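One structure is given here, and the rest of the page talks about it.
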Amino acid sequence: MTSTVKKDEAHVVFRGVDKTYDGKTMVVRDLDLHVERGEFFTLLGPSGSGKTTCLMMLAGFEASTSGEITIDGRPVHNLPPRKRGIGMVFQNYALFPNMTVGQNLSFPLEVRGIPASDRAERVRRTLAMVRLEGMENRRPGELSGGQQQRVAIARALVFEPSLVLMDEPLGALDRRLREELQFEIRNIQQELGLTVVYVTHDQQEAMAMSTRVAVFHRGQVQQIATPEVLYEEPEREFVARFIGDNNILRGHVLSADEGQCIVDTPGGEVKAFPVYRCRPGEKVALAIRPERVGLAQPRTYSNEFEVDLRDILFVGDHLRMRVKVCGNSNFIIKLPNIAGHGAVLKGDRVRIGWGIMDCRALPDEE
Amino acid sequence: MAQSLRGARIRAAALTLPLVIFITVTFFVPLGSMLTRSFHSPQVADALPRTLALLEDWDGQSGPQEETFRTLGEEFRSLAKQRKLGGVATRINRLESGMRSTILKTARKLRRDQPESWREAMVAADEAWGEAGTWRALRRAGERFTLQHYLNALDLDRDDAGRIVTQPPERRIYLPLLWRTLVVSLAITVICLVLGYPVAYLIANSSPARSNLLLLLVLLPFWTSLLVRTTSWIVLLQNQGVVNDLLVAIGILGDDGRIAMVYNMTGTLIAMTQILLPFMILPLFAVMRTVSPQHLRAASSLGATFRQGFLRVYWPQTLPGVAAGSLLVFILSIGYYITPALVGGRTGQLISNMIAYHMQQSLNWGLAAALGVILLATVGLFYFVYDRLVGIEGMRFS
Ligand SMILES: Nc1ncnc2c1ncn2[C@@H]1O[C@H](COP(=O)(O)OP(=O)(O)OP(=O)(O)O)[C@@H](O)[C@H]1O
Ligand SMILES: [Mg+2]
């Protein structure tokens, strides 16, 4: 494989890829992706959004309906899965129950004709990498879920592929184990300089692990960006709602300038930052992060409203409040638990506010 | 608490009682009585009690006492009056051929007159009475518990000195037949596996709708009677049958070169394979359904060809189904009766046809029972070997 690498090409490229299983519904639509060498690239989206389908097309188990997929600059549509040299970690491990852990790992080496003496050493080394030293003779059925997942990862790495695909590898594990393995996978990826294409529907996992994330919705990519950009600068309403918490206010544009627009909402005018060229009269969705809203003295913020505190919840490190503002009766405010906030009580009338840059005007998708 | 639990358990056990009674009455009792017949035959002993009592002290070499001749003659006479002599003679005849006619002839001669010397009269009627071997056979036929049926069933016999010897090759019947039955059953099992495995794979890996349809097709033969299916094979395979006609019509065979595919072993093989195929497919399917299709994908993503993935990953996981299906088909075919009886002709008969023959035609139930026991033991042996090799509890039937 390595002999044909074109350095200027991205490691994996999807160009205008469509996929339909039944000829009617498009499961993936007009997909463009460029995954750079050494990147930890995550496909994130709700269930049924087409993530696994993309992975299967890349691995060679499904054919794209149209468009082109290249690995190392070479189109792969005629290449069977076994010749793509991709390590793959399946959603439910897919360990071979009739083989021991050691045999599972040496299987890809055997079919590549690697001599037995080398195999044992490589199996041992790879098991050590996932911290399962000496587990060679166990059966997959005798391992815990976390251990099985480690074996599955080791098996996908043992033949030293440069590209590894993982389909919700941590989906079946409990939270603590998941976080532990997130670190480990990330460390291994960086140590070996792997290109990883990772699938998850857990946005926190995607944010924690990825170099870049592609957010999927109904088979279409909404936005491809680093976790920070996705969080701070969502470009689509779906992304704003899917990544972290966002309060959404809806209204019509009254006037729009470069860098600022005024939006008419049921509760009054709101000044916002338009992420695209919106026109007066257009419907927009305003996204405001709960932690960017503050309790205000008059004239601290560009947008300020007097509201009744409908609920207040003590969550330890922060306070969570619910108010009705600008037509959204479920507007959440998150305040850090610092001295001074203890004074407000449920039912109090308070003044809240947020800045222009913390209020992004996005195309309304409702 | 413990009491109510025990009550529930007793009630649950009571619910199975009708079945237990049914099985006992219709299965275990007849089976037991049949098995008993294989070594217990009191008929001759009950018919000739006094003679046999006298023969007990006899040295087995010289001619017996006059007293013994007289007693036997009188017992023959009274049996003839009760019209039981024919049955007794038949039984004795099974040990020593010729005895039936000897006995009946003698009894006819002795019917009226009261002889001076019974010995002379009987030897005059048939000189066999002068030979010690005849009396030894009589004594042996009078044993209540006997291994004779088993000796017969294993093609063994006793010589004049009472030692067990094998029958001369031309008189061996049952062991070659048992061997043939095993070989044929094995062949049917292998053919069913080869034919059934891909079908089961297809069913297990199709969409639910298609898999249901295929399963229905597999079960379809069960909707028609076994008799109908077997006889339709005759229609298909006979000399003037559909298959031969077709082969002649498209010119593969000449009209005088028609293949004999029925009333021989070929017929038995073809028809039994078709009839037993579902018993292979269903256990295979049951196991394949539980094998994740991901495994084959995983294998190919790891660089294996389909062949490698299949042999190393898929096939080993389906072994419990292979074992269950093979054992089922093998055991069913070892004891199969109706199909070979109808399409087997003379050369396509199996051991169970021989058992049926002794049950219905020759009326030698003791021998039929002994053959049945040997068949049962053979099946048990295979089950045991299987258990050692594969492990019965690891096997899945559904
Ligand atoms: N083999 C298939 N045949 C037909 N339709 C399929 C097939 N696989 C997936 N689909 C459909 O394609 C759509 C996308 O499925 P896909 O498995 O790619 O989603 P996903 O994003 O991986 O979801 P999840 O998070 O639940 O795994 C779904 O609507 C699904 O029903
Ligand atoms: Mg999926």
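The values are calculated or read from the model by the stated rules, or taken from the named source; none is laboratory data. Given the structure is predicted, the values throughout are model-derived calculations rather than measurements. So basically every Cβ, Gly included, is an ideal-geometry build from the backbone, and we count neighbours across all protein chains shown. Each accessible area value is taken on the protein alone, full model and side chains, heavy atoms only, with ligands, DNA and RNA left out. Shrake-Rupley method; radii C 1.70, N 1.55, O 1.52, S 1.80 Å.
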Principal axis dimensions, largest first and in whole angstrom, of the protein assembly as shown by Cα: 151, 75, 54
Per-residue average of Cβ from other chains inside 10 Å of B:333-343: 0
Counting only residues 5 or more apart in sequence or on a different chain, those whose built amide H sits under 5 Å from that of A:Arg360 are A:Phe273, A:Ala287
How much mean residue ellipticity at 222 nm does chain A get from its helices, if each DSSP H run of length 4 or more adds -39500 (n - 2.57) and you divide by all residues, to the nearest 500 deg cm²/dmol? -6500 deg cm²/dmol
Counting sequence-distant residues (5 or more places) and residues on other chains, those with an amide H built under 5 Å from that of A:Glu62 are A:Met57
Within 10 Å of each Cβ of A:111-117, how many other protein chain Cβ atoms are there on average? 2
Report, in debye and to the nearest 20, how large the dipole of the protein assembly as shown comes out about its Cα centre when Lys and Arg carry +1 and Asp and Glu carry -1 on their Cβ. 1800 debye
FRET efficiency estimate (nearest 0.05) - Cβ-Cβ, B:Ile164 to A:Thr65, R0 56 angstrom: 0.10
What accessible area per residue, rounded to a whole number of Å², is obtained for chain A using a probe radius of 1.4 Å? 46 Å²
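Carbon and sulfur atoms: what percent of the 1.4 Å accessible area of the protein assembly as shown do they account for?
Working: 21790 of 38670 Å².
The value for the protein assembly as shown is 56 percent carbon and sulfur by accessible area.
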Return the sequence-ordered ³J(HN,Hα) values of region B:158-166 in whole Hz as given by the Karplus equation 6.51 cos²θ - 1.76 cosθ + 1.60 applied to θ = phi - 60°, using x for Gly and Pro. 9, 8, 4, 7, x, 7, 7, 10, 7
Considering only protein heavy atoms, what per residue accessible area in square angstrom results for region B:22-136 with a 1.4 angstrom probe? 57 Å²
With bins 10 Å wide starting at 0, give me the P(r) of chain A over every alpha carbon pair, in whole percents. 5, 21, 25, 21, 15, 10, 4, 0
How big is chain B by the Kirkwood estimate over distinct Cα pairs, in Å? 26.2 Å
For a Förster distance of 41 Å, can you work out the FRET efficiency between the beta-carbons of A:Ser329 and A:Thr20, rounded to the nearest 0.05? 0.55
Long-range share for region B:92-201, i.e. C-alpha pairs more than 18 Å apart as a percent of all pairs, stands at 66 percent
Low-density loop positions, GluC sites (Glu not before Pro), region B:1-96 - DSSP coil, at most 16 other Cβ in 10 Å: B:Glu56
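Packing-wise, with mean Cβ within 10 Å as the measure, how do A:298-305, B:184-191, B:319-326 rank, highest first? Show your work: numbers first, answer last.
Values: A:298-305: 15.8, B:184-191: 19.9, B:319-326: 23.1.
Descending mean neighbour count gives B:319-326, B:184-191, A:298-305.
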Using the Karplus curve 6.51 cos²θ - 1.76 cosθ + 1.60 with θ = phi - 60°, what ³J(HN,Hα) values do you get for each residue of region B:341-354, in whole Hz, with x for Gly and Pro? 4, 8, 10, x, x, 7, 8, x, 7, 10, 4, 5, 5, 5
Cα-centred dipole magnitude for chain A, charges only on beta-carbon of K, R (+1) and D, E (-1), debye, nearest 20: 580 debye
Cβ-placed point charges (K, R +1; D, E -1), dipole of region B:59-155 about Cα centre in debye, nearest 20: 640 debye
Of all DSSP beta bridges located in the protein assembly as shown, what percent are antiparallel, nearest 5? 75 percent
Say each of A:Arg124 and B:Lys81 gets a label point 7 Å from the Cα, pointing the same way as Cα to Cβ; how far apart are those two points in nm? 9.8 nm
Per residue of region A:179-195, in order, report the coupling 6.51 cos²θ - 1.76 cosθ + 1.60 (Karplus, θ = phi - 60°) as ³J(HN,Hα) in whole Hz, putting x for Gly and Pro. 5, 4, 6, 4, 4, 4, 4, 4, 4, 4, 4, 6, 4, 8, x, 6, 8
So, in nm, how far is label A:Asn137 from label A:Gln204 when the simple model puts each one 7 Å beyond its Cα toward the Cβ? 4.1 nm
If one computes the Cα centroid of region B:18-79 and of region A:106-179, what distance in Å separates the two points? 74 Å
Given a Förster distance of 56 Å, report the FRET efficiency between B:Leu246 and A:Val229 from their Cβ-Cβ distance, rounded to the nearest 0.05. 0.15
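How large, in Å, is region B:179-394 by the Kirkwood hydrodynamic radius built from its alpha-carbon pairs?
When all Cα pairs of region B:179-394 are included, the Kirkwood radius is 19.4 Å.
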Can you list residues from other chains, or at least 5 along the same chain, whose modelled amide H is less than 5 Å from the amide H of A:Thr226? A:Val213
Check the straight Cα-Cα distances from B:Lys105 and name the lysines below 24 Å, setting aside those fewer than 8 residues away within the same chain. B:Lys81, B:Lys84
Counting only DSSP beta bridges with both residues in region A:12-232, tell me the antiparallel percent, nearest 5. 50 percent
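Evaluated at 10 °C with a viscosity of 1.306 mPa s, what Stokes-Einstein diffusion coefficient in µm²/s does region B:43-142 have when Rh comes from the Kirkwood expression over alpha-carbon pairs?
Details: Rh = 13.2 Å.
Answer, rounded: 120 µm²/s.
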